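Rule-based calculations on the coordinates, nothing more; no lab input. Because the structure is predicted, anything quoted here is derived from the model rather than measured. Note that each Cβ is placed from the backbone with ideal geometry, even for glycine, and that neighbours are counted across all protein chains shown.
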């Protein structure tokens, strides 16, 4: 059985997410396709941008279900569109923030979200509160580098991640680390190695690989989100969203 | 000093909110204007509809600040656009759900949200969690009448509200009641009277009047939301929202 | 409609609160009168003093209702007499601590209480617990100046408030500030300005003006505290309080 | 070593508490004396009465320390004067509500407070919140009999206690019971027997005996309350309380 | 890549878990082997039995790591030996209770644990508290059938599970269900079907399949538990456990 | 009435606990006997050691009840065997960690556990969560000295305890201190004196004396743990524990 999971990018920056980033994650049992919203911001660093990323992302998620995809993962740690899309579809819709926080809570006594900007602290604390994990969140710490600059000097980004993680271990009592931005995809191994060198053997959770595998786990187990929590929305016209909700001219992948 | 507060309706049903509904709330110190999104759903009964109501509502809130309005209130108990709009403007942006829950927590040991549909329980419990009031929320109870049908038999709606409120007092230990839908505007007096007749002297909070007055209170006190919680979003292009974000041809009121 | 709110001072220091302190808060819609207990401590800096301030304060609150006042505010951040007085009267009884904490929770992700003495931390944490807001209280920080010395060098007091507020923003992650002593009345503008100069644009809540306006808001909305939470006390003799409960020879104002 | 504990009754009903009620609790190691406030209500069934019971009770507690008593217990489940008196004295001041709730939390997964009147629910939930035990309090249930009528038909009172306790076991999942009124002194054995007959082998905590023994436990261990939580109050005049604070003409016992 | 996960049964009832029960869960990527403690109780229905199941289970987990297994799952919803074993080994040790509760919290607003005996409520509430999920646990409900009798009339067991689940949906507001006994392995599909027939489309989580897949997910992601939370125990003699800790004569499978 | 309490040591280090350590605690009303497990670790500094200490400790507790002892105290701050043993016996089983934390919560606004090793933080936070006291636990701080080295330089150990306690008062806001290792028996007076010299008048709780007295308090009050929380375990064979469960050849004392 091969599970088809689609990673849906909620931002409009061309080339932010490429097929080759994910190739190593594909297995006999997991096939990954990509899609992205055509509308909304170039990156998500605020509630304003989260809000405007959501309608187009919902459209891509509905489209994925229509195309027979088995599950979707939203490619942003704000988990945009998660609540709305789960109402619209029956296939699992995975937020990497939700998944990564739950994994971290399973693997450590407490965890810290290592994110890009200090301003995102309320977002992560609010998500943790809604996900029922506020008591496990030791801290939200930022490297203070904007999303689209993370890769400009990847070694510096990783060094900064290690330094901030160590600070959180020492000062906040963190026992696990979750990356608070999907733009950090691929940095977990380096950060884990850096922490091991400093004597800290803790899980460093890269949310996108975890979320893709969680999507497959749910599909294999015949599980999806509760329709008591996310019942289908009532059928009504939606003014002004014809373009945003329109299917993409050529199917994603 | 007269405070100008704008009530911004996040749904597209024409005539849902009329100037005359609010006339009685205006005083020497409080002037109320109206505006409504042109885009989004006809009513909000799901997370999906909340999500699609938000971009147009943010646009109307930005417009209100630009026009010199002193504060805005969003006309829906899902508090749509609250997080995003507070980043975009400096004037107070009031969510009636947040205001009503805080007032209820001040006036009673616990409170119940009396809303239209059972499916909204997660929404209110999540909002209460984010607003820091989960411990005061005794229950979310529903009359199970859709938003746009509430006024078709107003006496029946009010009788149902009284019955469900009494049930929540007896079974959930509720000591105050918050209406969980702004479509119930104007029913508080009848519900309070009905409960008094049954021996329950408790506050029945009508969110829109409370929120409008709270907006004035904040303006008079020189208060607005924290820019550490809601810093201005970074300046970036926003693809696909030119129409939704465009100013209304003629100014609201 | 003009709302008559009485500010009731629970301490016996003559001249602590003067009519002219509040003149600027009066509007066409808000008339403010004053009253003070004749019994109890000269200032409140301990649970012992809170306890002895309460009987005389309850007497003044009952008297206010009898005189036709629309609502009362207790002039102390320990919210003395709040629980007892709400049982005795039907008009709204407002605790500035309760009101200010709820406003702060509405306007910021978290808030800090900036008070006079470190010893008051348990008091504020206990009040926050009872008011349902413990999760929003980032910290209680003190300037360590006794209540009656706050005005002896007002510039020094304000500078200290700014410094401690900044410390709490940086170390506790505070996003809003509540003054934890009504003796700081009038300092909010200076403290807010000082914080803005350091780059922090956050609400600084002066509890007495906020509480007076909240009293008016409730009266205008026909709201008061729940009689399920605060039912009238049983009628019984009260030994030894004839003098303390006696009406003032001349009505307050 | 014999520990001298004084039980201080905060109400003015003559004969409410008699030496013979407590004789059976005295041992070689525990000597019990009695004292009572001369001022305040005849019984405590409201926050108003709690408030007016406190000044006279504080006076009796200060007096007890001055007379060389080793520890005091306040004879009411509202724990009146606890916060204030702990500031005024160094000897242990025990609230039976605090002690009984902590014992119940040690002996059962959850506990219910069985009290006299429904109106006391907020009081017990607030005390539990302050004492840090809100999560262990399954429910507050009332027999709805006023304090001074509890003994008029003691068999009926006990039968009602058993019935309400069983209801709380079944409906609230209670695993232990605390009497929520010190007027129920002496009923624990009968209630425990009644529950055993119905198949429930759970602790039934009689607060006054437990609190007297807890006082002795603390004295024997050289323990008292923290002076960081309850520092001595500042020395200041206290207007209007000369009579209430005056020593009793003849020493208590 | 094929991940080798060992399911370790902490009870001594021969034939409780057979290879064929799990055959359907094996895939190209997941190989499952079995092992069981030789010491301890025949089934786990109490804290006493949990305690005595643990030493032998720890021995089997250490053995599994020594044999090159990639991860282990403990086959009991009390998650016996989880804390101790995570200290002893570096490979992931999965508790099905922890995994199933986290999955349920991801897939529903709240969840109920459907277990065998009412007496297990404290166990599940305590585990939820430690795992950080107490706020998501709507209830613990029991079918009141002992573990080893569950399969004697499987249709009756399943019917009872559906009935109790429905009761919890209606009365506790549950939005997802977790089986609270690994003896219910294989019943999820029937229970989910039964609930769908009654109109409830919610996830029904079968803990063992979920835990086995979670083990694979962690191994594929290079993740394991934090060594800050579970550091290796100090090296010391362990008196009296030579037999219990001895390797099995022939390797498990 | 003399209460016979047995202190049961869950470790196998000969001479760790001697009769003369406890002589000063015996009174006319309290007789203390000793017993120790013959199986398990030499000291408890990990979850692994806790787990292996438990079966032998349960055996000693069952034996104590059989011998007519009135109550037992387990001599370790991990409270090993507490859950299991309470199911097996009817006499009170006291965990010193549970008792000391509840006493600390009664005597201070918050408390800190001062323990031997940093690695024990999750253990104490988990116990506090289960005991319902997580909100009162300010911090877990360690002196970083192994259990069996604590007495090698007792003055150094005490000085370190004072220093770490002061740090926790200043940085964590601790208002009381609980020793987090029963190996610190007898140090409370010196630590309290050291803190008083630095100006901190707070309770320093020595868990074993407190627990022994708590055991007597419960016996005198006819109280024990709830059989709804800890019902007797089902009767079943227990494979492989014949030696560990066997009675000691000569009765303990």
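Return an integer: the convex hull volume of the alpha-carbon atoms of the range B:73-216, in Å³ per residue. Please report the intermediate quantities before stating the final value.
Numbers: hull volume 14.5 nm³, N = 144.
So the per-residue Cα hull volume is 101 Å³.
In the protein assembly as shown, what percentage of the DSSP-assigned beta bridges are antiparallel, given to the nearest 5?
On the way: 18 of 156 bridges.
Here the antiparallel bridges make up roughly 10 percent for the protein assembly as shown.
Most fluctuating residue of C:179, C:16, C:111 in a GNM of chain C with Cα springs under 10 Å: which is it?
C:16
For chains C and D related by rotation, which residue of C has the Cβ nearest the axis, and what is the rounded distance in Å?
C:129, 2
Return the distance in nm (one decimal) between the two label points of a simple spin-label model at residue D:155 and residue D:171, each offset 7 Å from Cα along Cα→Cβ.
It is 2.7 nm.
Determine the shielding of peptide E:49-58 by partner chains: average, over its residues, the number of Cβ atoms on other chains within 10 angstrom of each Cβ.
So the per-residue partner count for this stretch is 6.
What would the Debye equation give as log₁₀ I(q)/I(0) for the range D:106-178 at q = 0.14 Å⁻¹, counting only Cα atoms as equal point scatterers?
With one equal scatterer per Cα and no solvent, log10 I(q)/I(0) is -0.43.
May I have the convex hull volume per residue, in Å³, for the Cα set of chain B?
Here the figure is 127 Å³ per residue.
How far is residue C:155 from the same spot in each other copy, in nm, shortest first, if each label point sits 7 Å from Cα toward Cβ?
5.4, 5.4, 7.1, 8.2, 9.1
Given 5 Å bins starting at zero, what is the percent of C-alpha pairs of the range D:38-81 in each, up to the one with the largest pair distance?
5, 24, 32, 20, 12, 6, 1
For chain A, modelled as a GNM with alpha-carbon contacts under 10 angstrom, which of A:231, A:41, A:80 fluctuates the most?
It is A:231.
State, to one decimal in nm and shortest first, how far the label point of residue B:232 sits from each corresponding label point in the other identical copies (label point: 7 angstrom along Cα-to-Cβ).
Result, one decimal in nm: 4.6, 5.6, 5.6, 5.7, 7.5.
Between residue A:34 and residue D:118, what is the label-to-label distance in nm when each label sits 7 Å out along the Cα-to-Cβ direction?
6.3
On each of the three principal axes of the Cα atoms of the protein assembly as shown, give max minus min coordinate, whole Å, ordered largest first.
96, 92, 58
Just checking the output field for B:123-135: average partner chain Cβ neighbours within 10 Å of each residue's Cβ?
Across the residues of B:123-135, the mean count of other-chain Cβ atoms within 10 Å is 6.
Averaged over its residues, how many other protein chain Cβ atoms are within 10 Å of peptide C:212-225's Cβ atoms?
Details: counts 2, 8, 6, 0, 5, 9, 6, 0, 8, 11, 7, 14, 4, 9.
Neighbouring Cβ atoms belonging to other protein chains average 6 per residue here.
Any chance you could give the angle, 0 to 90 degrees and rounded to 10, that helix B:96-107 forms with the longest Cα principal axis of chain B?
Once rounded, one gets 40 degrees.
Seen from all sides and averaged, what is the projected area of the convex hull of the Cα atoms in the range D:67-133, in nm²? Each step should come with its number before you reach the end.
Values: hull surface 21.1 nm².
For the Cα atoms of the range D:67-133, the hull's average projected area reads 5.3 nm².
Cα axis of helix B:121-131 to longest principal axis of chain B: angle in degrees, 0 to 90, nearest 10?
60
Among A:13, A:50, A:110, whose mean-square fluctuation peaks in a Gaussian network model of chain A (Cα, cutoff 10 Å)?
A:13
Going by Cα centres, the range D:32-81 and the range B:96-132 are how many Å apart?
39
What are the distances, in nm and sorted shortest first, from the label point of residue C:243 to the label points of the same position in each other copy, with each label point placed 7 Å from Cα along the Cα-to-Cβ direction?
0.7, 8.0, 8.1, 8.1, 8.2
Say each of residue D:20 and residue D:197 gets a label point 7 Å from the Cα, pointing the same way as Cα to Cβ; how far apart are those two points in nm?
Placing both labels 7 Å along Cα→Cβ, they lie 2.7 nm apart.
Nearest 0.05, what FRET efficiency do residue E:66 and residue C:163 give at R0 = 56 Å with Cβ-Cβ as r?
Working: r = 59 Å, r/R0 = 1.06.
Calculated transfer efficiency: 0.40.
Against the longest alpha carbon principal axis of chain E, how many degrees, from 0 to 90 and to the nearest 10, is the axis of helix E:47-66 turned?
Value to nearest ten degrees: 50.
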